[in-house]
Amino acid sequence: MAQKIYLLEHLGCANCAVKIEREIAALPGIQSATITFATRQLLVAAEDPDSYLSEMQRIANSHEPDIVITERKRKTHQHDGCGCGHSHEEHHHEGCSCGHSHEAPSIPHETSPHRPLSASAVR
């Protein structure tokens with residue numbers, strides 16, 4: 001069983017998302033279908049999820065005509081504002097000429113904005 005994530009571009013109605021999810025999940029051969037409305041993503045589990053793409057598109061458009069279902073492409077890691085045009089995953093940084101640091105900044109715990117609350121603060 002393969003799982004694949006698709007983007008639902010122009011999905012604007014949470015109620016429609018529920019209906020689309022139910023109808024896709026009911027297709028023969030689909031093991032599961034889950035839409036996350038906040039991210040406009042559809043997770044489909046089936047032997048060959050792509051073989052259902054035209055039927056999923058038809059279902060989506062029956063509820064919202066402007067929806068376009070596209071495959072979510074995996075993004076390579078890129079530093080904010082980097083623009084150097086290369087992947088930083090498994091990238092050899094010595095001699096890199098892209099002009100920025102590949103080192104992650106170190107934030108001391110005492111200055112981190114994500115400190116846990118003390119027990120007295122929770123009360």
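The values are calculated or read from the model by the stated rules, or taken from the named source; none is laboratory data. All values derive from a computational prediction rather than experimental measurement. Methodologically, a virtual Cβ is constructed for each residue, glycine included, from the backbone with ideal geometry; neighbour enumeration extends over all protein chains shown. Ligands, DNA and RNA are excluded from the accessible area calculation, which covers all protein heavy atoms including side chains. Shrake-Rupley method; radii C 1.70, N 1.55, O 1.52, S 1.80 Å.
Just add up the charged neighbours of Met1: K/R +1, D/E -1, any other residue whose Cβ is under 14 Å from the Cβ of Met1. Intermediate results must be reported in sequence, preceding the final value.
Details: positive: Lys4; negative: Glu47, Asp48, Asp50.
Result for the neighbourhood of Met1: -2.
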> What do you reckon, how do Arg74, Arg40, Arg22 stack up by accessible area (1.4 Å probe), largest on top?
Replying inline: Arg74, Arg22, Arg40
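Ignoring ligands, DNA and RNA, how do Ser51, Ser32 rank by accessible area with a 1.4 Å probe, largest first? Walk me through the numbers before you get to the answer.
Numbers: Ser51 75, Ser32 45 Å².
The most accessible residue leads, giving Ser51, Ser32.
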> Got a sec? What order do Glu21, Glu9 fall in by accessible area at 1.4 Å, biggest, i.e. largest, first?
Replying inline: Glu9, Glu21
> For the residue pair Met1 and Asn15, what label-to-label distance in nm results when each label sits 7 Å from Cα along the Cα-to-beta-carbon direction?
Replying inline: 3.2
